[in-house]
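The values are calculated or read from the model by the stated rules, or taken from the named source; none is laboratory data. Every value quoted in this text rests on a predicted model; they were computed, and no experiment measured them. Quick reminder, even Gly has a Cβ in these numbers, built from the backbone with ideal geometry, and neighbours come from all protein chains shown.
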Amino acid sequence: MDNVFDFLTKERAFQVKETVGTPVYVYDETGLRRAAEEVLHFPHAFGFRARYAMKANSNAYILRLFNDLGIHFDASSGYEAERALLAGIDGKKIQITAQEYPANLKDLIQQGVLFNASSCRQLERYGRDFPGSAVSIRINPGIGSGHNNRTNVGGLSSSFGIWHEWIPNVRVIAEKYGLKITKLHTHIGSGSDPETW
């Protein structure tokens, strides 16, 4: 076998090993660019913003590469959002959707990071901290789809998102703090059945 991967010959792998040592990660920039361009050209009748889930790989070079191509970012913690900012990503291109309310959220918001509330409790706290501001909310639509419970992130078995029947509570909280809900976010799973969508 001459190639370890399609993009990395056996000889080049040994050169990398001799140059930087092991363990080492080697990424296919051409493949990453190709995948990003494919996503950026998805058909979209009502507008579309591609976001890269940093939990997949938060390598600063990859973040900068995707940023240069026009992709925005989804951080799943305050730490991930900080990492993106340290990589030079504009805060306005980062949206944080976290299960726990980030301790550093005030600093992140000041740098332009967008917040996506995934529970009524988070929305309430966000309202107290940032009255009169814009916010996004993550809704659990009551259905999910995935190969197993780890990839099924919607429906009764999922703790992600504000349960769809609680939307009236969301309205009450938004009115109480003068919040403007500018985005709705939902995710039902990975490896999903297209019929569920």
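For the range 32-61, which positions are within 16 Å of the chain's Cα centre (by Cα) and small (Gly, Ala, Ser)? Walk me through it before giving the result.
Within the range 32-61, the first condition is being within 16 Å of the chain's Cα centre (by Cα), and the residues that meet it are 36, 39-40, 48-60.
Selection gives ALA36, ALA50, ALA53, ALA56, SER58, ALA60.
Please go through (1) modelled with pLDDT of 95 or more; (2) surrounded by fewer than 14 Cβ atoms within 10 Å (Cβ to Cβ) for PHE48 and return the number of the only condition it doesn't satisfy.
Tallying (1) modelled with pLDDT of 95 or more; (2) surrounded by fewer than 14 Cβ atoms within 10 Å (Cβ to Cβ), PHE48 fails exactly one: (1).
Any idea which of LEU123, LEU184 is at pLDDT 70 or above and either among the polar types (S, T, N, Q) or not in a helix (DSSP H, G or I) (or both)? Break it down stepwise before answering.
On the way: LEU123 fails: either among the polar types (S, T, N, Q) or not in a helix (DSSP H, G or I) (or both).
Just a single option satisfies the conditions, and that option is LEU184.
With respect to the numbered conditions (1) closer than 20 Å to GLY178 by Cα; (2) in contact (Cβ under 8 Å) with a residue 40 or more places away in the chain; (3) buried (at least 21 other Cβ atoms within 10 Å of the Cβ), which one is the sole condition not fulfilled by ASN140?
It is condition (1) that ASN140 fails.
With the requirement that a residue be in contact with a Lys or Arg (Cβ under 8 Å, 6 or more places away or on another chain) and either surrounded by fewer than 17 Cβ atoms within 10 Å (Cβ to Cβ) or closer than 13 Å to LEU86 by Cα (or both), what does the range 51-64 give you? Quick ask: steps written out before the conclusion?
Let us first name the residues in the range 51-64 that are in contact with a Lys or Arg (Cβ under 8 Å, 6 or more places away or on another chain), namely 54, 58, 60, 63.
If the condition is that a residue be in contact with a Lys or Arg (Cβ under 8 Å, 6 or more places away or on another chain) and either surrounded by fewer than 17 Cβ atoms within 10 Å (Cβ to Cβ) or closer than 13 Å to LEU86 by Cα (or both), then SER58, ALA60, LEU63 are the ones that fit.
Hey, GLY146 hits all of (1) modelled with pLDDT of 95 or more; (2) in a loop (DSSP other than H, G, I, E, B) but one; which does it fall short on?
(1)
What residue, of LEU105, LEU86, is of a type in the set (A, V, I, L, M), surrounded by fewer than 20 Cβ atoms within 10 Å (Cβ to Cβ) and more than 15 Å from the chain's Cα centre (by Cα)? Even if it seems obvious, please write down each step before you answer.
On the way: LEU105 fails: surrounded by fewer than 20 Cβ atoms within 10 Å (Cβ to Cβ).
Going through LEU105, LEU86 in turn, the sole match is LEU86.
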